[in-house]
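The values are calculated or read from the model by the stated rules, or taken from the named source; none is laboratory data. Keep in mind that this is a model prediction, so the values were computed, not measured. Every residue, glycine as well, gets a Cβ built from its backbone with ideal geometry; the counts of neighbours run over all protein chains shown. Remember, those area values only see protein heavy atoms, side chains included, never the ligands or the DNA or RNA. Shrake-Rupley method; radii C 1.70, N 1.55, O 1.52, S 1.80 Å.
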Amino acid sequence: MATEPHSCTCFIIPSNMLRKLADAAASPADRSLLLDQCETSAYLRGQRSITPVVAGIASVGEKRRTIFDAHHKSTLPGKLARSEGGLAVADASVNQAYDGAGATYDFYREVLKRNSIDNKGLRIDSTVHYLSKFNNAFWNGQQMVYGDGDGKLFLGFTGALDVIAHELTHGVTQHAVPGGLVYENQSGALNESISDVFGSIVKQWKLKQSVDQADWLIGAGILAPGVGKALRSMADPGNKELTWSGDDQPKTMAGYVEGGDVHFNSGIPNHAFHAAAMALKGNSWDKAGPVWYKALGLLTSNATFADMAKATAQAAVLLYGADSAEQHAVQAAWTGVGVV
Ligand SMILES: [Zn+2]
């Protein structure tokens, strides 16, 4: 039988960003809080993720969101705070996690005809208020988990729809790529990039923004104003003016670092997607998004950037025909970033 699919404990904030912020921390207390959180993240990352087992039969088209509250502890999922169809509650984080998961579900359902994370109507579970002042959000192989942020550097993680869609997409990748994508090296950077790609598309779709109107930023609004404007830019990876002072993402293979963090090298495939979407014009979810989505099914667990270039070109052929303008635009995008 097939082996268990690769899943990840995938964080939105890379540990080296927390370390850089710790170096620049205003007080020893802030510094030690950030370093503690690096360790917590490393510990969680090392825990074996369990592939979700679907309890009960989901009916087709059913949206089932469940939001839990960890009450600043580490036990998951925590106490039930709001379930599908329930009225808004007093806690803004609960409602944001609920609404963000709903928008992401709707995008996958309406645009890509996918029924939830596993395409079988899997219940979407989220936990808010994880730990105290926790500066991160993650997908643990089964559910999404959000910290509140410390209020000094990070303002919370449920406020940005692209962050929510990024995390949920880690679940999609786990199921849509045969065997899942190994969370290290190029397959890991692709895993991260795919989450940024669909995180950005979901935000654009919700805001009805064309590729020209979109800001192409990841995590705009989650950083305190003094820290920066966003985590990453897909239009111009590594542009500190657009993001934050420690952003050093490469945008082409010239800046690729062997063994680099998955959130670092992901700038290259992110930039390829942006280039393809700009060349295809209009809305990112009309052509570029479906091409990237279809490519997921053509990848293997250890896929490289070159494999993704091939898979997206193949997907463009399947969707728009051989020698189509779409195929050429996709190939040119990967050539532009030096992958092929
Ligand atoms: Zn991620």
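Please go through region 274-296 and pick out each residue that is open to solvent by 20 Å² or more (accessible area, probe 1.4 Å) and hydroxyl-bearing (Ser, Thr, Tyr).
First, the residues of region 274-296 that are open to solvent by 20 Å² or more (accessible area, probe 1.4 Å): 274-275, 278-283, 285-287, 290, 293-294.
Answer for region 274-296, where residues must be open to solvent by 20 Å² or more (accessible area, probe 1.4 Å) and hydroxyl-bearing (Ser, Thr, Tyr): just TYR293.
Among the residues of region 264-319, how many are touching a Gly at 6+ places or on another chain (Cβ under 6 Å) and not in a helix (DSSP H, G or I)?
To start, the set of residues in region 264-319 that are touching a Gly at 6+ places or on another chain (Cβ under 6 Å) comprises 275, 301.
Filter once more, so that each one left must be not in a helix (DSSP H, G or I): 301.
Result for region 264-319: 1.
Within region 138-159, can you find the residues that are modelled with pLDDT under 95, among the aliphatic types (A, V, I, L, M) and either surrounded by fewer than 23 Cβ atoms within 10 Å (Cβ to Cβ) or out of contact with any helix residue (DSSP H, G or I) (no Cβ under 6 Å at 6 or more places or on another chain) (or both)?
Answer for region 138-159, where residues must be modelled with pLDDT under 95, among the aliphatic types (A, V, I, L, M) and either surrounded by fewer than 23 Cβ atoms within 10 Å (Cβ to Cβ) or out of contact with any helix residue (DSSP H, G or I) (no Cβ under 6 Å at 6 or more places or on another chain) (or both): just LEU155.
Only one residue in GLY141, GLY179 is more than 14 Å from the ligand (Cβ to nearest atom), of a type in the set (Gly, Ala, Ser) and more than 9 Å from the chain's Cα centre (by Cα), so which one is that? Spell out the reasoning first.
Numbers: GLY141 fails: more than 14 Å from the ligand (Cβ to nearest atom).
Among GLY141, GLY179, only GLY179 is more than 14 Å from the ligand (Cβ to nearest atom), of a type in the set (Gly, Ala, Ser) and more than 9 Å from the chain's Cα centre (by Cα).
Show the residue pairs that are 6+ apart or on different chains and have beta-carbon atoms under 6 Å apart, the first residue being within region 254-281 and closer than 14 Å to SER193 by Cα, the second being more than 16 Å from the ligand (Cβ to nearest atom) and among the basic types (Lys, Arg).
What qualifies is GLY267/LYS251; HIS271/LYS251.
Let me confirm something: among SER132, SER126, which residue is open to solvent by 10 Å² or more (accessible area, probe 1.4 Å), of a type in the set (Ser, Thr, Tyr) and over 18 Å from PRO225 (Cα atoms)?
Of SER132, SER126, the one residue that is open to solvent by 10 Å² or more (accessible area, probe 1.4 Å), of a type in the set (Ser, Thr, Tyr) and over 18 Å from PRO225 (Cα atoms) is SER132.
For region 252-273, give me the residue count where each residue is open to solvent by 30 Å² or more (accessible area, probe 1.4 Å) and closer than 22 Å to ALA165 by Cβ.
3
Can you work out which of the residues in region 191-232 that are more than 16 Å from the ligand (Cβ to nearest atom) and of a type in the set (S, T, N, Q) is nearest to LEU168 (Cα to Cα)?
GLN204
So in region 1-54, with the set limited to residues that are modelled with pLDDT of 90 or more, aliphatic (A, V, I, L, M) and in contact with a Gly (Cβ under 8 Å, 6 or more places away or on another chain), which one is nearest to the ligand (Cβ to nearest atom)?
ILE12
Restricting attention to region 161-197, which residues are within 21 Å of ASP148 (Cα to Cα) and open to solvent by 20 Å² or more (accessible area, probe 1.4 Å)?
Once the filter is applied, which keeps residues that are within 21 Å of ASP148 (Cα to Cα) and open to solvent by 20 Å² or more (accessible area, probe 1.4 Å), region 161-197 yields only LEU161.
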